[in-house]
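Asks: Take this structure, written in structure tokens, and hold onto it; I'll ask about it next.
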Protein chains: 2
Amino acid sequence: MTTPTGARELAHPAYEEIRLADVLHALADPMRLRVVCGLAVAGTEVNCSAVELPVSKSTSTHHFRVLRESGVIRQSYRGTAKMNELRRDDLDALFPGLLDTVLAAAHRQKARLGPDAG
Amino acid sequence: MTTPTGARELAHPAYEEIRLADVLHALADPMRLRVVCGLAVAGTEVNCSAVELPVSKSTSTHHFRVLRESGVIRQSYRGTAKMNELRRDDLDALFPGLLDTVLAAAHRQKARLGPDAG
DNA sequence: CGGTTTGTACGATAGACCTCGTAGTACGGT
DNA sequence: ACCGTACTACGAGGTCTATCGTACAAACCG
């Protein structure tokens with residue numbers, strides 16, 4: 001009886017706690033950039049394994065946590081799955097245009113270097 | 001006679017070699033973010049010690065090098081000084097809007113948290 | 001030439017980070 | 001109750017990073 005209520009809770013930074021340096025650090029990893037691009041394309045909540053990464057599952061979990069703890073994504077449990085979505089509202093309010101320019105930059109670079117480049 | 005010509009040369013990544021993840025990583029450090037903001041405010045070339053950082057001089061050198069090697073700034077020697085400027089042209093061409101949105105985000109966050117916050 | 005200014009190189013240290021495998025937990029279905 | 005799915009927690013390994021101090025180099029100024 002460690003968690004009384006059935007719903008497991010996940011620690012997210014509050015709106016005021018989101019730091020630009022943390023967000024940039026979260027986005028500065030190729031794997032996490034892939035995740036963010038994948039979530040942007042999806043548009044809605046997707047579960048963790050929906051974004052395929054060339055790393056082990058525990059590493060994937062690690063990256064999702066970094067993204068959550070920096071304020072880039074929101075995570076919630078739904079059954080056995082864990083759903084992920086971009087914190088677009090908060091990010092756009094805090095740092096207008098940042099997410100979109102990063103996504104556009106990632107898209108451009110992918111087109112320039114080929115889809116398989118880091 | 002290790003360096004034949006008098007002008008010391010500095011290694012910069014070519015335009016095509018600049019990687020988004022590297023740029024984001026360079027910007028993801030509070031000290032380097034300060035440097036970038038300082039250079040943006042200056043608008044022109046400034047020497048290394050023009051941007052005051054609460055770290056030792058050798059650490060400062062380290063951060064300037066990271067910024068140069070990621071393609072964020074351009075460095076050149078001028079007498080005993082080393083001049084620094086943003087690579088605005090290249091960054092804007094590669095990742096339109098990225099630098100400006102990051103600068104704006106940094107400015108907003110500084111206003112929100114106070115000028116002394118990381 | 002001698003001194004000053006400006007920044008570099010090197011080595012060290014402590015902490016963070018990415019990656020993995022294994023073992024375990026929570027939930028849903030049969 | 002049992003099993004499968006989806007993800008986590010923990011510990012470990014190897015690499016990278018930020019920081020520092022000291023010693024050094026390059027250019028300028030008398």
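The values are calculated or read from the model by the stated rules, or taken from the named source; none is laboratory data. Because the structure is predicted, anything quoted here is derived from the model rather than measured. With ideal geometry, Cβ positions are generated from the backbone for all residues, glycine too; neighbour counts draw on all protein chains shown. Calculation scope for accessible area: heavy atoms of the full protein, side chains included, ligands and nucleic acids excluded. Shrake-Rupley method; radii C 1.70, N 1.55, O 1.52, S 1.80 Å.
Asks: Those residues that are open to solvent by 40 Å² or more (accessible area, probe 1.4 Å) and more than 12 Å from the chain's Cα centre (by Cα), I need them from segment A:45-58; list them, please.
Replies: If the condition is that a residue be open to solvent by 40 Å² or more (accessible area, probe 1.4 Å) and more than 12 Å from the chain's Cα centre (by Cα), then A:Ser49, A:Ala50, A:Glu52, A:Pro54, A:Val55, A:Ser56, A:Lys57, A:Ser58 are the ones that fit.
Asks: Same structure, new question: Restricting to segment A:79-88, and then to whatever is open to solvent by 30 Å² or more (accessible area, probe 1.4 Å) and farther than 18 Å from A:Val41 by Cβ, can you tell me which residue is farthest from the other protein chains (Cβ to nearest Cβ)?
Replies: Filtering first and then ranking leaves A:Gly79.
Asks: Scanning segment A:59-72 for residues that are of a type in the set (Val, Ile, Thr) and closer than 17 Å to A:Ala21 by Cβ, which turns out most open to solvent (accessible area, probe 1.4 Å)?
Replies: Top of the filtered list is A:Val66.
Asks: Quick one: B:Glu9 ticks every box in (1) more than 14 Å from chain A (Cβ to nearest Cβ); (2) under 29 Å from A:Arg32 (Cα atoms); (3) acidic (Asp, Glu) bar one, so which box is it?
Replies: Condition (2) is where B:Glu9 drops out.
Asks: Let me ask something else. Residues that are among the small types (Gly, Ala, Ser) and away from chain A (no Cβ under 14 Å): does segment B:66-74 have at least one?
Replies: no
Asks: How many of the residues in segment A:89-103 are open to solvent by 50 Å² or more (accessible area, probe 1.4 Å), within 9 Å of chain B (Cβ to nearest Cβ) and assigned to a helix (DSSP H, G or I)?
Replies: Qualifying residue count, segment A:89-103: 1.
Asks: I've got another one for you. Identify the single condition in (1) away from DNA strand C (no atom under 16 Å from the Cβ); (2) farther than 18 Å from A:Ala21 by Cβ that A:Phe95 does not satisfy, given that it satisfies every other one.
Replies: Result: A:Phe95 fails condition (2) only.
Asks: Sort out for me the helices (runs of 4 or more DSSP H) sitting completely within segment B:1-74 that have 1 or more residues that are within 10 Å of DNA strand C (Cβ to nearest atom) and of a type outside the set (Ser, Thr, Tyr).
Replies: B:20-27, B:57-70
Asks: Would you check which residues across segment A:7-29 are open to solvent by 50 Å² or more (accessible area, probe 1.4 Å) and in contact with a helix residue (DSSP H, G or I) (Cβ under 9 Å, 6 or more places away or on another chain) and list them?
Replies: A:Ala11, A:His12, A:Tyr15, A:Glu16, A:Arg19, A:Asp22, A:His25
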